[in-house]
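Data block below; observations after.
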């Protein structure tokens, strides 16, 4: 399995694990969007940016290695695929959830401290998405500043979520964190930064000026 697909396998396992805590089976687009939010927040959460992999696509940011990873995990017996249907040629609908082997794989991965740190970020993101409704995840991603800017430029270059200059969400959160930390004995927690970003996304997506394509 290619290295980036192998790395994405970890993200897929953690994404499905945390969605499963809310009894949610993710479809293909929801899986892409949950992992996109992880990539956007990685700089603020662990100070390590994700490799540029997502591109603006018809239904939001898309990384083909995520689909490759979930297909490989299903083939290897870690993920169960349900609700498979075909809209048209090369357009397959499906839902994904971890099976017993997948749950065990997550437990093993999370035994590593660095991996557990990533899993916690997925947990915080899933908590925020669930509090708003999983059906709203598309709106949330379309409101994310880095993707929103790229979409308005109609460009196909990879989204620079790992770049401290180009990741607009990181720049917003970094300014908030710097202001909060002035003359305070303890800095703003990473969990609070996640909550702040989702509050910003809510402000944008609920404004009259925002628009999300109806196609899904």
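Rule-based calculations on the coordinates, nothing more; no lab input. Here the structure is a predicted model, which means the values were calculated and not measured. Cβ: placed from backbone, ideal geometry, glycine included. Neighbour counts: every protein chain shown.
Work out the FRET efficiency for residue 178 and residue 157 from their Cβ-Cβ distance, taking R0 = 25 Å, and round it to the nearest 0.05. Efficiency, from the Cβ-Cβ distance: 0.30.
Per 0.36 nm of contour for each residue apart, how much would the distance between residue 59 and residue 107 grow if the chain were fully extended, relative to their Cα-Cα spacing?
Extra length available between residue 59 and residue 107 comes to 14.1 nm.
Contact order normalised by length for the chain, with contacts defined as Cα pairs under 8 Å and 6 or more residues apart; what percent is it?
Relative contact order of the chain: 26 percent.
Quarter the surface of the alpha carbon convex hull of the chain and you get the mean projected area, 12.8 square nanometres. The distance separating the Cα centre of region 4-25 from that of region 28-80 comes to 9 Å. Entry note, the chain: the mean residue ellipticity at 222 nm calculated from DSSP H runs of n ≥ 4, each adding -39500 (n - 2.57), is -18500 deg cm²/dmol after division by the residues and rounding to the nearest 500.
Legend: ranking of residues 204, 36, 58 from fewest to most surrounding C-beta atoms inside 10 Å; resulting order 58, 204, 36.
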